[in-house]
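This report refers to the structure that appears directly beneath it.
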Amino acid sequence: MKGCVFCDIAEGRAPATIVLEDPEVVAFRDLNPQAPVHVLVIPRRHIGSAADLTEADDPLWGRMLRTARSVAEQEGVADRGYRLVTNIGRESGQTVEHLHLHLLGGRRMTWPPG
Ligand code: AMP
Ligand code: ZN
């Protein structure tokens, strides 16, 4: 989608430190990391948020989750544990309207989240 920074990253028009990718999804380091490991997993296709997923996207969502697991293994946090978060809409704090999973790890997470 025009003007979408994550579409630009997925299509190689904007820079990013990509850690894993396949034909459907891309995982890259967050520009403003909130933990020692902070990677975003996105679908290449523009989807606004998890609230816009359809039944046809079930395999894509599963692929995003499995990619996150692979990234966690690659980043060495799989055994310690990590957090997956996806923000939806204004009150959640979503700032980029292209579906993304935050993978946060490498430190003790707090609960409840802020
Ligand atoms: P959210 O607040 O859930 O929409 O998360 C958006 C995330 O994208 C934030 O953690 C930002 O730091 C991150 N972000 C925004 N632009 C970029 C970019 N060009 N490259 C990497 N991460 C980005
Ligand atoms: Zn997009």
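The values are calculated or read from the model by the stated rules, or taken from the named source; none is laboratory data. What you are looking at is a predicted structure, and each value in this text was computed from that prediction instead of being measured. Using ideal geometry, Cβ is built from the backbone for each residue, glycine included, and neighbour counts are taken over all protein chains shown. With ligands, DNA and RNA removed, areas are computed over all heavy atoms of the protein, side chains included. Shrake-Rupley method; radii C 1.70, N 1.55, O 1.52, S 1.80 Å.
Looking across segment 77-88, the residues that are open to solvent by 30 Å² or more (accessible area, probe 1.4 Å) and not hydroxyl-bearing (S, T, Y) come down to A78, D79, R80, G81, R83, L84, V85, N87, I88.
Residues that are in contact (Cβ under 8 Å) with a residue 40 or more places away in the chain and over 21 Å from G89 (Cβ atoms) within segment 13-37 comprise V19, L20, D22, V25, A27, A35, P36, V37, listed in sequence order.
Filtering segment 77-88 to residues that are away from ligand 2 (no atom under 16 Å from the Cβ) and within 17 Å of the chain's Cα centre (by Cα) leaves V77, A78, G81, Y82, R83, L84, V85.
Filter segment 90-114 for residues that are surrounded by 12 or more Cβ atoms within 10 Å (Cβ to Cβ) and more than 8 Å from ligand 1 (Cβ to nearest atom) and give the result. H98, L99, L101, L103, L104, G105, G106, R107, M109 - these are the residues of segment 90-114 that are surrounded by 12 or more Cβ atoms within 10 Å (Cβ to Cβ) and more than 8 Å from ligand 1 (Cβ to nearest atom). Considering only residues that are within 16 Å of ligand 1 (Cβ to nearest atom) and β-branched (V, I, T), which ones fall in segment 68-89? Correct list: V71, V85, T86, I88. Set side by side, the residues R44, R13, R63, R80 differ, and just one is touching a strand residue (DSSP E or B) at 6+ places or on another chain (Cβ under 8 Å) and over 28 Å from M109 (Cα atoms), which is R44. Applying the criterion of being within 11 Å of ligand 2 (Cβ to nearest atom) and among the small types (G, A, S) to the residues of segment 1-13, the residue that is farthest from P59 (Cα to Cα) is G3. Checked against the criterion of being more than 13 Å from ligand 1 (Cβ to nearest atom), open to solvent by 70 Å² or more (accessible area, probe 1.4 Å) and among the charged types (D, E, K, R), segment 27-44 contains not a single residue that satisfies it. Selection within segment 17-26: residues that are farther than 17 Å from E75 by Cα and not charged (D, E, K, R). The member of this set that is most open to solvent (accessible area, probe 1.4 Å) is P23.
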